[in-house]
Amino acid sequence: VAISMLDSLVPVLPLQLSNTAILHQIRRDQVTDTCRANSVSSRKRRVLTPNDLKHLVVDEDHEMIYCYVPKVACTNWKRVMMVLTGRGKYSDPMEIPANEAHVSSNLKTLNQYSIPEINHRLKNYMKFLFVREPFERLVSAYRNKFTQKYNTSFHKRYGTKIVRRQRKNATQEALRKGDDVKFEEFVAYLIDPHTQREEPFNEHWQTVYSLCHPCHIHYDLIGKYETLEEDSNYILQLAGVGNYLKFPTYAKSTRTTDEMTTEFFQNISSEHQTQLYEVYKLDFLMFNYSVPSYLKLE
C-alpha cells in the first residue's frame, strides 16, 4: 500500500532560537542533498510500507514522531516519550527502568495505524531522530552486545553464526556459546555479502538510513549524539513541554568514545575498513560525518 510522503511543516520559531533553527535547516538540507545526489529520493525508490515504520514512535498528545536509533540515547528518549504519552503516569524519565522503556507495548509506533492515519501524522506531526558518528555507534553496539556476559541472546543468535563463518578452527565451545566474538570477526560478518542477502541487519547495527528512511520521510529535526542535551531540550521546547520536562543528563562512564573507536579499528585491514565504510557511507554523508582520520582507506 502506498504511503504519500509530503514535506512537513517547519515550525515557526521565535527570534532568539534562530541560530539553532538555522543549524537544523542546514542539517535538513544536508540530508536532502545527499538523497538527491545518491538518487534515493522518494521519486526513484519504492514507496514505504507500514512495515518500514516500526521505529517511528508516536506521541498523539504532543503531535510528535520520534524515530529511534539504537545506540544513540534511545533508551532515554523512549523514557521521555513514555513520560510524554503517559498522561501523568510518570513525571521523571529516570524513574522508568531501562528494560521497561524497551517493552514495545509501552509505546505506540506508526506501523500500528491505518494508511490514512499514517499519512496524516507524517504530514502534520513534528518528526525527529538522533544520529551518531556511524563507526562509534558500531563499536558501541559491538561492546554492548558481544563483550557483556549477560547478553546471551545475542551471543546465541548472532555470535555463534559469526564464529561459525568467520573463525577458522573454532573450538566446539566457541561454536556453541558465541560469546567471544572479536571485533574483526564482527566487521567481517557485516561486510560479508551473504549476511546482507540472508536477512536485514539487526537494529543495533542497521544503518540510520534503513531504520528511519530519511529520504522518504522529511524529518523536521535531526539531533546529534555529540550535542544530545542541547538538541533534545530544543525539541522538548518546540513540543511545548520544555518548562516541565528536561532531557536526562547522564555521563555514562562506559560510553564509547572516539578514542575507543580508533583503538578498535587499529586491527581492521584497510580492505575491510574500505568495505565497511561503503556499508555505512550514506549515514556518514547524510549526517555530515567526515571520514574518520584513523581509517586507512584503499
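Points to keep in mind about this one:
- DSSP-assigned coil residues among trypsin sites (Lys or Arg not before Pro) in region 135-220, each with at most 11 further Cβ atoms within 10 Å: K149, K168
- Two-decimal log10 I(q)/I(0) for region 36-119, as the Debye equation yields it once each C-alpha is a single scatterer, q = 0.12, 0.19, 0.23 Å⁻¹: -0.42, -0.87, -1.11
- Intensity falloff of region 181-266 expressed as log10 I(q)/I(0), Debye formula with alpha-carbon point scatterers, at q = 0.14 Å⁻¹: -0.79
- Solvent exposure of region 31-159 as accessible area per residue, Å², 1.4 Å probe: 44
- For region 70-190, diffusion coefficient by Stokes-Einstein and Kirkwood Rh (Cα), 25 °C, 0.890 mPa s, µm²/s: 142
- Lys-Lys pairs in region 150-298 that are eight or more residues apart or on separate chains and whose Cα atoms lie under 18 Å of each other come to 10.
- Amide H contacts of V72: none lie under 5 Å away among residues 5 or more positions distant or on a separate chain (H built 1.01 Å from N in the peptide plane; Pro and chain starts excluded).
- Placed amide H near G223: partners under 5 Å, 5+ positions off or other chain: L129, F130, V131
- For region 210-291, trypsin sites (Lys or Arg not before Pro) meeting the loop criterion (DSSP other than H, G, I, E, B) and having at most 16 other Cβ atoms within 10 Å: K246, K252, R255.
- Loop-located chymotrypsin sites (Phe, Trp or Tyr not before Pro) in region 104-172, at most 15 other Cβ atoms within 10 Å (DSSP): Y150
- Cβ-Cβ FRET estimate between R255 and Y150, R0 fixed at 25 Å, reported to 0.05: 0.85
- Percent of alpha-carbon pairs separated by more than 32 Å within the chain: 29
- For region 144-161, putting each phi into the Karplus relation 6.51 cos²θ - 1.76 cosθ + 1.60 with θ = phi - 60° gives couplings of 6, 8, 10, 10, 9, 4, 6, 8, 4, 5, 6, 4, 5, 6, 10, x, 4, 5 Hz, in residue order, rounded to whole numbers and with x for Gly and Pro.
- Comparing mean-square fluctuations of I268, I222, I22 from a GNM of the chain with C-alpha springs under 10 Å, the top value falls on I22.
- Per residue, in Å², the accessible surface of region 167-298 once ligands and nucleic acids are set aside, probe 1.4 Å: 50
- Length added when fully stretched, K177-Q25, from 0.36 nm per residue minus Cα-Cα: 50.0 nm
- Taking only protein heavy atoms and a 1.4 Å probe, the accessible area of region 216-298 is 48% carbon and sulfur.
The values are calculated or read from the model by the stated rules, or taken from the named source; none is laboratory data. In this text, all values refer to a predicted model and were calculated from it rather than measured experimentally. Using ideal geometry, Cβ is built from the backbone for each residue, glycine included, and neighbour counts are taken over all protein chains shown. The area values use the complete protein model at the heavy-atom level, side chains included, leaving out ligands, DNA and RNA. Shrake-Rupley method; radii C 1.70, N 1.55, O 1.52, S 1.80 Å.
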